[in-house]
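Structure first, then comments.
The values are calculated or read from the model by the stated rules, or taken from the named source; none is laboratory data. Just so we're clear, the structure is a prediction, and the values are computed from it rather than from any experiment. Every residue, glycine among them, receives a Cβ derived from its backbone with ideal geometry; neighbour counts consider all protein chains shown.
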Amino acid sequence: MTTTRFAPSPTGYLHVGNLRAALFSWALARKAGGCFILRLDDTDAERSRPEYADQIRRDLEWLGLDWDREERQSDRLDLYRDAADRLRAADRLYECFETPVELDLRRRKLLGMGLPPIYDRAARALSEAERDSLRAQRGPGHWRFLLERARVGWEDGILGPQSVDAASLSDPVLIRADGMMLYTLASVVDDAEMGVTDIVRGADHITNTATQVQIFSALGASVPRFAHHSLLTGPGGAGLSKREGSLALKDLAAAGVEPMALLSLIARLGSADPVEPRSRPEDIVAGFDLTRFGAAPTSFDAADLGPLSAKVLHAQPWEAVAARAAALGIPEAQGPALWPAVQGNLERFDDLAAWWHLCRDGAAPKIAPEDEGFVAEALALLPPPPWTAESWKTWTTAVRAATGRKGRGLFMPLRRALTGQDHGPEMDRLMPLMRRAPVQLPDVADGEAQR
């Protein structure tokens, strides 16, 4: 069975860069009828916060990305300790005592000599007496994984054949001196124990993958399939983190971005397929194919989400938005007629409330000085509510006959008089929903009314 996972760290809020891994992993599992796991990588007790974990869940729920199983790494520390013991027994994990300052000096020296700045494994040459002395002086050491100096290769689901020469890498630290298990080990243990078959993550993890492939093998576990998607950049090519403004999912939601607009964009961005607005997350699954995505950095522009959100709204049936409309205070009885009348004019969903208030309460007329006499005469011909689908045509026909106006000079002032706005839904659809006529203007001289 295909099993994927999304493993965010609850040390901050999800942003659009995180979303690619979440969506791709979710779609891969759903297309195969498999299992999608939400795993909170919260081994960093100092920085992990319950409120971040709660927001991660809310963000995924907002997007409609459901999960079959939830795990927290903080509940699984015994598994990591057991794995570490097995690696020690196999002589693949060794204790080191260098300080960050000492490591930096060694790194600078190697660079100055034109050599790759990889760890020299000096700690492996220490005697037990020397280790005991260093522990007494500095406390417990950190633990590094002994890499095999060989080329590690895999068939990447997006990038194709990949390989990394492990001889060019430093032995990675898997356990800090304070005993904290780091991502590199904990992730492998979890993926192996949970039966994860496919791992989708950013291209910045390729080196991690080479290391983790060796850890899987050292623990006697099956190596999952890997796929590394390209990283998102801003329109100018800079990293998203360097751009002004927030791209946290919670902030995009607060700004009125439709979740399906965001998913529709991320599901195709960087692929060979055009972006098409979808109505449900399930609509993305059928056409999802990792091989359609390229390796080049992918430009993301948050400005694209506004027009795409509008397109998503314009295609939604009433049944899909009824609960959200109720939350805005739209009466259940009026919603089915209001929605198709105004949805084509919505830029964000919350705009629906303004149109409902206009229908319920009326609007202050917006009248140009040169149209005052014309509008006064027109309003005198306006029948009182309730209005029907024929009321707009009947009224404008009568006004045209009385004033001789036609075209934009006829319709625009009348729209402004009823709605207070220059643009909006077709008036023959909006007018039957309106409950109040605008306040009549004071009488003006006959001659002025005829101008």
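When region 269-325 is filtered for residues that are part of a helix (DSSP H, G or I), buried (at least 17 other Cβ atoms within 10 Å of the Cβ) and aromatic (Phe, Trp, Tyr), nothing remains. Filter region 403-434 for residues that are among the aliphatic types (A, V, I, L, M) and surrounded by fewer than 19 Cβ atoms within 10 Å (Cβ to Cβ); which is nearest to residue 340 (Cα to Cα)? Checked region 403-434; the qualifying residue nearest to residue 340 (Cα to Cα) is 412. Checked across region 311-326, the condition of being more than 20 Å from residue 234 (Cβ to Cβ), without any contact (Cβ under 8 Å) to a residue 24 or more places away in the chain and under 20 Å from the mean Cα position of the chain (by Cα) holds for no residue. In region 106-116, is there at least one residue being under 38 Å from the mean Cα position of the chain (by Cα), modelled with pLDDT of 95 or more, assigned to a loop (DSSP other than H, G, I, E, B) and within 30 Å of residue 295 (Cα to Cα)? Among the residues of region 106-116, not one is under 38 Å from the mean Cα position of the chain (by Cα), modelled with pLDDT of 95 or more, assigned to a loop (DSSP other than H, G, I, E, B) and within 30 Å of residue 295 (Cα to Cα), which makes the answer no. Looking at region 145-163, is at least one residue hydroxyl-bearing (Ser, Thr, Tyr), under 21 Å from residue 231 (Cα atoms) and assigned to a strand (DSSP E or B)? Checking region 145-163: at least one residue is hydroxyl-bearing (Ser, Thr, Tyr), under 21 Å from residue 231 (Cα atoms) and assigned to a strand (DSSP E or B).
Could you please find all residues in region 26-47 being over 14 Å from residue 71 (Cα atoms), at pLDDT 95 or above and of a type outside the set (A, V, I, L, M, F, W, C)?
The answer is 30, 31, 33, 34.
For the residues 189, 173, 164, the requirement of being crowded, with 20+ Cβ neighbours inside 10 Å and under 32 Å from the mean Cα position of the chain (by Cα) singles out 189. Within region 77-91, residues that are under 13 Å from residue 190 (Cβ atoms) reach partners that are assigned to a helix (DSSP H, G or I) and not β-branched (Val, Ile, Thr) with beta carbons closer than 7 Å, at six or more positions or on different chains, in the pairs 79/193; 80/185; 80/186; 83/185.
Yes/no per residue for (1) modelled with pLDDT of 95 or more; (2) assigned to a strand (DSSP E or B); (3) farther than 18 Å from residue 172 by Cβ; (4) of a type outside the set (Phe, Trp, Tyr):
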position	(1), (2), (3), (4)
206	yes, no, no, yes
210	yes, no, no, yes
213	yes, no, no, yes
217	yes, no, no, yes
221	yes, no, no, yes
227	yes, yes, yes, yes
237	no, no, yes, yes
241	no, no, yes, yes
245	no, no, yes, yes
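Of the residues 347, 332, the single one that is touching a Ser or Thr at 6+ places or on another chain (Cβ under 9 Å) and not in a helix (DSSP H, G or I) is 347.
Against the test of being in contact (Cβ under 8 Å) with a residue 40 or more places away in the chain, of a type in the set (Val, Ile, Thr) and surrounded by 14 or more Cβ atoms within 10 Å (Cβ to Cβ), the options 367, 330 yield a single qualifying residue, 367.
What's the number of the only condition in (1) farther than 23 Å from residue 206 by Cα; (2) of a type outside the set (Phe, Trp, Tyr); (3) assigned to a helix (DSSP H, G or I) that residue 95 fails to meet? Among (1) farther than 23 Å from residue 206 by Cα; (2) of a type outside the set (Phe, Trp, Tyr); (3) assigned to a helix (DSSP H, G or I), the lone unmet condition for residue 95 is (3).
Table: residues versus (1) out of contact with any Lys or Arg (no Cβ under 9 Å at 6 or more places or on another chain); (2) aliphatic (A, V, I, L, M).
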position: 78; (1), (2): yes, no
position: 81; (1), (2): yes, no
position: 98; (1), (2): no, no
position: 130; (1), (2): yes, no
position: 142; (1), (2): no, no
position: 166; (1), (2): no, yes
position: 176; (1), (2): yes, no
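Within region 207-214, is even one residue surrounded by fewer than 19 Cβ atoms within 10 Å (Cβ to Cβ) and farther than 25 Å from residue 35 by Cβ? Checking region 207-214: at least one residue is surrounded by fewer than 19 Cβ atoms within 10 Å (Cβ to Cβ) and farther than 25 Å from residue 35 by Cβ. Residue count for region 369-389, restricted to those that are over 13 Å from residue 436 (Cα atoms) and out of contact with any helix residue (DSSP H, G or I) (no Cβ under 7 Å at 6 or more places or on another chain): 4. Here 65, 77, 60, 93 are screened, and the one residue that is in contact with a strand residue (DSSP E or B) (Cβ under 6 Å, 6 or more places away or on another chain) and of a type in the set (A, V, I, L, M) is 93. For region 23-67, enumerate the residues that are acidic (Asp, Glu), under 22 Å from residue 257 (Cα atoms) and surrounded by 15 or more Cβ atoms within 10 Å (Cβ to Cβ). Listed by number, the list holds a single entry, 59.
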